[in-house]
Amino acid sequence: MTTSRQLSRIEKGLVIAAFFMWSAMMVGAGYVGRMLLAPVELRTERVYRYGGNPHALLDEAWGYVRDHFVGIVPSDTVREYGAVRGALTTLNDRYTTFVEPQTRALERDHMRGSFGGIGVSFTRNERGEIVLSPMPDGPAAKAGVREGDILIGIDGVPLPSPATFEDVARIRGEASTPVTIEVLRGPQRERLTFTIIRQMIEVKSVEWRTITTTVGGTPATIGYIHISNFTERTGEEAKRALSALSAADSQAYLIDLRNNGGGSLAAAVEVASEFLSDGIVAIEQRRNQPEIIHRVRKGRAKPAGDKPVVVLMNSNTASAAEIVAGAIQDHRRGLLIGEKTFGKGSVQLIFDLLDGSAVRVTAAKWLTPERRELDGTGLMPDIEVVGSEDAQLEHAIRVLGEAIGDARR
């Protein structure tokens with residue numbers, strides 16, 4: 001039987017246990033409360049600090065990164081570039097992209113077809129090193145730079161390993177300004193330094209030559225035009241090439257657009273117009289706007305006339321190059337030989353931003369004259385030739401030879 005004294009001891013024990021339990025709960029609650037309430041307080045403080053800033057959420061999140069990230073926090077500029085890139089990915093369009101200032105400057109030079117530089121091209125060897133190839137009679141070659149020299153520094157700053165194209169592009173700059181490069185040469189890895197005055201370097205997008213074949217025992221001349229990309233200069237370059245090939249008595253024309261990734265839509269219209277007499281080159285469709293019809297440009301004699309034409313293409317033929325090939329195919333002006341093209345049927349507008357960076361926005365889709373959509377589909381060749389580039393070229397020459405023979409009869 002429990003006595004009153006025993007009950008008193010039990011009650012005291014329960015009170016003490018309850019006190020410790022309550023204390024533990026309060027300590028835990030205080031700890032959890034600090035964990036939960038502190039961010040709320042910080043958030044309120046940050047929202048108050050940024051007021052009506054539409055990017056308050058981003059600033060709030062970045063504030064926590066600055067306060068707690070264990071590594072190196074990037075600069076505000078790097079953060080902003082990353083935010084723009086991230087926002088553009090929500091569009092699910094791989095052609096709508098952000099371009100940083102240095103890359104944008106390189107793009108602009110590329111589209112102009114000229115830039116201030118020392119006249120070298122770059123490749124990467126198996127060790128990831130940047131290997132130089134100087135242009136004959138260019139500033140670098142005249143200064144003593146040789147084929148195979150390995151670039152290791154620009155203006156006293158060593159190249160990182162691995163170096164990006166943007167790192168190497170510091171070799172470019174305004175014409176008449178100096179740049180100092182450091183290279184390694186030969187098996188002995190001799191270290192050499194050259195100070196070179198930059199000059200305006202013109203990059204040709206069109207190369208041409210004549211190809212002589214035999215048709216029915218008689219020599220025949222084919223005018224060969226290779227277009228590597230479409231820049232602001234491509235239209236004029238193509239006109240000069242065609243004039244020279246016409247003067248060389250070309251009886252047919254072979255347009256090589258293999259590995260041509262595109263470029264300027266206007267240049268593509270100019271080139272296609274050299275082979276078409278009239279009609280539509282491409283149709284451009286924009287959001288909530290009337291269609292833009294790009295027509296054949298007239299007003300000058302066209303050396304190609306109605307002579308046979310073949311276009312060589314492959315899986316890397318894209319964009320503006322597909323515009324030219326598609327127009328020639330739809331107008332039945334010539335045959336497409338090779339492989340199915342890449343299938344980029346969209347137009348990007350480039351908007352330069354305040355700091356020299358840019359945003360490239362897919363603003364339109366284009367169709368062939370017969371209103372074929374090629375985005376993601378590509379052009380099918382009239383004659384498929386899968387294999388080496390030499391085999392494709394030989395097949396094209398044979399087809400043009402037969403066309404020349406038919407024209408002679």
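The values are calculated or read from the model by the stated rules, or taken from the named source; none is laboratory data. As the structure is a computational prediction, the values presented were derived from the model and not from experiment. We place every Cβ from the backbone using ideal geometry, glycine too, and count neighbours over all the protein chains shown.
Under the condition of being more than 18 Å from V145 (Cβ to Cβ) and among the hydroxyl-bearing types (S, T, Y), which residue from segment 155-186 is modelled with the lowest pLDDT? Filtering segment 155-186 for residues that are more than 18 Å from V145 (Cβ to Cβ) and among the hydroxyl-bearing types (S, T, Y), the one modelled with the lowest pLDDT comes out as T164. When I293, I283, I255 are checked against the criterion of being touching a residue at least 60 places away in the same chain (Cβ under 8 Å), over 20 Å from R209 (Cβ atoms), assigned to a strand (DSSP E or B) and not aromatic (F, W, Y), a single residue qualifies: I283.
Looking across S121, S133, one residue alone is small (G, A, S), assigned to a strand (DSSP E or B) and within 15 Å of R185 (Cα to Cα). It is S133. Just wondering, is there one or more residues in segment 198-209 that are under 23 Å from E100 (Cα atoms), of a type in the set (K, R) and buried (at least 17 other Cβ atoms within 10 Å of the Cβ)? No.
Condition check ((1) over 27 Å from S205 (Cα atoms); (2) surrounded by 12 or more Cβ atoms within 10 Å (Cβ to Cβ)) across all residues:
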residue	(1), (2)
V120	no, yes
T123	no, no
I130	no, yes
P134	no, yes
E147	no, no
V157	yes, no
E166	no, yes
I171	no, yes
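One residue is enough: does segment 347-364 have a residue meeting the conditions without any contact (Cβ under 8 Å) to a residue 24 or more places away in the chain, closer than 24 Å to T231 by Cβ and among the aromatic types (F, W, Y)? There is at least one residue in segment 347-364 that is without any contact (Cβ under 8 Å) to a residue 24 or more places away in the chain, closer than 24 Å to T231 by Cβ and among the aromatic types (F, W, Y). Mind checking which residues of segment 188-228 are outside any strand (DSSP E or B) and touching a His at 6+ places or on another chain (Cβ under 8 Å)? Of everything in segment 188-228, just one residue is outside any strand (DSSP E or B) and touching a His at 6+ places or on another chain (Cβ under 8 Å), namely V203.
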